[in-house]
Amino acid sequence: MKKKHDTTNKTVPSNTMVFISNEINFSQISKDTPSHLEIIKLRHPRTEKSTNFMYDSDKGTIQEILKFSEMNRSWFIGDTVVSEGNVHLVTPVDPLFLILPYLNKNKMFSTLDQLIHDDEYNDSAKLECLVDEDQLSLISYKKDCSGLIVWKYSEEKTLQWLKTKVIKVANILEQKNINVNSECAVSKTFVRTVKESQENYLRYAHGIISEYLKDEISEKLLVHLNLPSVKSICTKKRKNNELDSEEIKKLRKDYEKDKLNIDVLQANTQTEKTTKKNSKHVALAKAAAGTKNISSFFKKK
Amino acid sequence: MFEARLVQSSILKKILEAIKDLLNEATFECSASGIQLQAMDNSHVSLVSLNLKSDGFDKYRCDRNLSMGINLGSMTKIMKCAGNDDVMTMKAQDNADTVTFVFESPNQEKVSDYEMKLMNLDQEQLGIPETDYSCVIKIPSAEFSRICRDLSQFGESMIISCSKEGVKFSTAGDIGSANVKLAQTYNVDKEEEAIIIEMQEPVSLNFACRYLNSFTKATPLSPQVQLCMSSDVPLVVEYKIGDVGYIRYYLAPKIEEEDN
């Protein structure tokens, strides 16, 4: 699992960094052939700050680089000491996360290379060969104009795609028995007797996914996942603190009941009523496609 | 103080049925001359314009102009509480935030009143110019409703074309195509059963079937419907409401698929 740059060389260049990766086979890299690995700078999908990514032109993958830095650490490589003691973890990242902010910004149908064009970060053009059309269709509408394929951001599709991601992460968290309780830390050997609620897993997974998302999408995703926002829970907690324990018990019961009811209600109404009503509206909106706006014919008063 | 009394409360029931498919909420503008309502659907391709004259009511009083923002779903619920031959009275105070519906049974034995909260709606009003249309077609409303229903099975949009021979509704879709031709009728006993076409120039326009189908929800209001068309302007579908007023639907034509 641990592979490093240039272990055979006795002298190590001064700008050496140490990488740990599951995915990349460093032994293939020799000094003579030009490397298919490249470190490129891209915008971070959440903060928009300049961030390093590792681009593999052979496999067509992009990996994010996570730096673990600690004071007073150096590496021995061969016979040399490398004073830069940081550990760089390289893990694959879904290129859609990197494309999403560009797509989100552009409100019109555009070709992919136009979409990801970035004056400050020229390397963004490399993203184009990292995704295929099927992948892009997960977050956008496709339109084929006589061979010219153009794309437009779809919030609905994106949220659905993110939802499946969150659920996948939540399942892994549950499988691996990872502590997701935000109120207490737990030792690794702790044997859980009460199962953590599904909601907590989802919330935690949402947090992980949100590392790669703009805040507004992250909030919409929370709504899409039917998770109440943290604020409302906080206020509830604060209220609970002011009441005595019996009342808390009662409240909690009520809250649990409410939640059940709400869940059932939501499930029911969402499946039946809203779909019935929404489908009507959606169908009407669909039928409106291609029709001119009526207000373009009449003057506003 | 606003007060409007309608002996046939069923008229208002039918009006609501005719607009609630397209609109979720709407503002009823009450003035001394009557009640007006104008609103666009959510997709902003059609416009509903309702006009009820004050003379049409059995008793009408409106001291100051009043805008009542009403959730049509809630109003439908209230109207469902009225019997078909009940006498209805709508009441509101000046600057009120509620409106009251009073239903009286014909023999005055039962009087029920329902108060409904009003909403503040911010809807833009459009000025609709009086237009001379190239084609004005009058057909029995049931016939029109039937045609729209039949053709919408075939395609999402239908072409209404009016020429010297008559009016033709046509559509095409996955199953195949459909055409319905109506010729002008002569020698009919009742005017509302006749098909009357007044045409200056031939017109052919394309419209979304689903919207036309929503308009035909107004069929119970009137035995006859009037379609007005000119090229490149919205179609007007008008149903007269007895001698009380009318409801008009405006629908923008579909634009031909542009080649990019």
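Would you mind telling me which numbered condition in (1) modelled with pLDDT under 85; (2) assigned to a strand (DSSP E or B); (3) open to solvent by 30 Å² or more (accessible area, probe 1.4 Å); (4) more than 25 Å from A:D132 (Cα to Cα) A:E38 fails?
It is condition (4) that A:E38 fails.
Mind checking whether some residue in the range B:231-248 is within 11 Å of another protein chain (Cβ to nearest Cβ), under 30 Å from B:Q125 (Cβ atoms) and open to solvent by 60 Å² or more (accessible area, probe 1.4 Å)?
yes
Quick grid of which residues meet (1) under 10 Å from A:V18 (Cβ atoms); (2) in contact (Cβ under 8 Å) with a residue 12 or more places away in the chain; (3) in the same structural domain as A:V18 (by TED's automatic domain parsing); (4) buried (at least 16 other Cβ atoms within 10 Å of the Cβ):
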residue: A:Q63; (1), (2), (3), (4): no, yes, yes, yes
residue: A:K67; (1), (2), (3), (4): no, yes, yes, no
residue: A:E70; (1), (2), (3), (4): no, yes, yes, no
residue: A:I77; (1), (2), (3), (4): yes, yes, yes, yes
residue: A:E84; (1), (2), (3), (4): yes, yes, yes, no
residue: A:L100; (1), (2), (3), (4): no, yes, no, yes
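Considering the range A:86-98 alone, what residues qualify as being open to solvent by 20 Å² or more (accessible area, probe 1.4 Å) and under 14 Å from the mean Cα position of the chain (by Cα)?
A:T91, A:P92, A:D94
What is the residue count in the range A:146-167 for residues that are free of Cβ contacts under 8 Å to residues at least 24 places away in the same chain and open to solvent by less than 50 Å² (accessible area, probe 1.4 Å)?
1
Consider the range B:191-215. How many of its residues are part of a strand (DSSP E or B) and either within 16 Å of B:Q226 (Cβ to Cβ) or small (G, A, S) (or both)?
9
On the basis of being assigned to a helix (DSSP H, G or I) and either among the hydroxyl-bearing types (S, T, Y) or at pLDDT below 85 (or both), does A:K220 make the cut?
Judged against the criteria, A:K220 is not a match.
Only residues that are open to solvent by less than 60 Å² (accessible area, probe 1.4 Å) and within 7 Å of chain A (Cβ to nearest Cβ): list them for the range B:124-139, please.
B:Q125, B:L126, B:G127, B:I128
Within the range B:106-125, is there a residue that is among the acidic types (D, E) and within 22 Å of the chain's Cα centre (by Cα)?
There is at least one residue in the range B:106-125 that is among the acidic types (D, E) and within 22 Å of the chain's Cα centre (by Cα).
Among all residue pairs at least 6 apart or on different chains, which show Cβ distances below 7 Å where the first residue, located in the range B:201-222, is away from every other protein chain (no Cβ under 14 Å) and without any contact (Cβ under 8 Å) to a residue 60 or more places away in the chain and the second is open to solvent by 30 Å² or more (accessible area, probe 1.4 Å) and of a type outside the set (S, T, N, Q)?
From residues that are away from every other protein chain (no Cβ under 14 Å) and without any contact (Cβ under 8 Å) to a residue 60 or more places away in the chain, the pairs are B:S204/B:I159.
Of all residues in the range B:28-49 being open to solvent by 10 Å² or more (accessible area, probe 1.4 Å) and within 18 Å of B:V99 (Cα to Cα), which is farthest from the other protein chains (Cβ to nearest Cβ)? Show your work before the answer.
Within the range B:28-49, the subset open to solvent by 10 Å² or more (accessible area, probe 1.4 Å) is B:29, B:31-33, B:36, B:38, B:40, B:42-44, B:49.
From the residues that got through so far, the ones that are within 18 Å of B:V99 (Cα to Cα) too are B:29, B:31-32, B:36.
On the way: B:E29: 12, B:S31: 15, B:A32: 19, B:Q36: 12 Å.
That would be B:A32.
Return the only residue of A:E174, A:E196 being of a type in the set (D, E, K, R), at pLDDT below 80 and more than 17 Å from A:N106 (Cβ to Cβ). Steps first, please.
Details: A:E174 fails: at pLDDT below 80.
From the options A:E174, A:E196, the qualifying one is A:E196.
Count, please, the residues in the range B:1-28 that happen to be within 16 Å of the chain's Cα centre (by Cα) and more than 18 Å from A:A283 (Cβ to Cβ).
Pass one, the range B:1-28, residues within 16 Å of the chain's Cα centre (by Cα): B:10-28.
Within this subset, residues satisfying the condition of being more than 18 Å from A:A283 (Cβ to Cβ) are B:10-18, B:25-28.
Final tally of qualifying residues: 13.
Regarding the range B:93-103, can at least one residue be identified that is within 14 Å of another protein chain (Cβ to nearest Cβ) and open to solvent by 10 Å² or more (accessible area, probe 1.4 Å)?
no
Hey, among the residues in the range B:60-86 that are in contact with a Ser or Thr (Cβ under 8 Å, 6 or more places away or on another chain) and surrounded by fewer than 13 Cβ atoms within 10 Å (Cβ to Cβ), which one's farthest from the other protein chains (Cβ to nearest Cβ)?
In this case the residue turns out to be B:D85.
Given (1) open to solvent by 20 Å² or more (accessible area, probe 1.4 Å); (2) among the small types (G, A, S); (3) within 30 Å of B:N42 (Cβ to Cβ), where does B:A183 come up short, assuming only one miss?
Failed condition: (3).
When you look at B:L251, is it within 16 Å of the chain's Cα centre (by Cα), within 13 Å of chain A (Cβ to nearest Cβ) and surrounded by 15 or more Cβ atoms within 10 Å (Cβ to Cβ), yes or no?
Numbers: within 16 Å of the chain's Cα centre (by Cα): yes; within 13 Å of chain A (Cβ to nearest Cβ): yes; surrounded by 15 or more Cβ atoms within 10 Å (Cβ to Cβ): yes.
Yes.
If only one of A:A125, A:A170 is in contact with a His (Cβ under 9 Å, 6 or more places away or on another chain) and either surrounded by 18 or more Cβ atoms within 10 Å (Cβ to Cβ) or in a loop (DSSP other than H, G, I, E, B) (or both), which one is it? If you could, list the steps in order and put the result at the bottom.
On the way: A:A125 fails: either surrounded by 18 or more Cβ atoms within 10 Å (Cβ to Cβ) or in a loop (DSSP other than H, G, I, E, B) (or both).
The conditions single out A:A170.
The values are calculated or read from the model by the stated rules, or taken from the named source; none is laboratory data. These numbers were taken from a predicted model, which means no experiment stands behind them. Note: ideal-geometry Cβ built from the backbone for every residue, glycine included; neighbour counts use all protein chains shown. Surface accessibility is based on the protein's heavy atoms, side chains included, excluding ligands, DNA and RNA. Shrake-Rupley method; radii C 1.70, N 1.55, O 1.52, S 1.80 Å.
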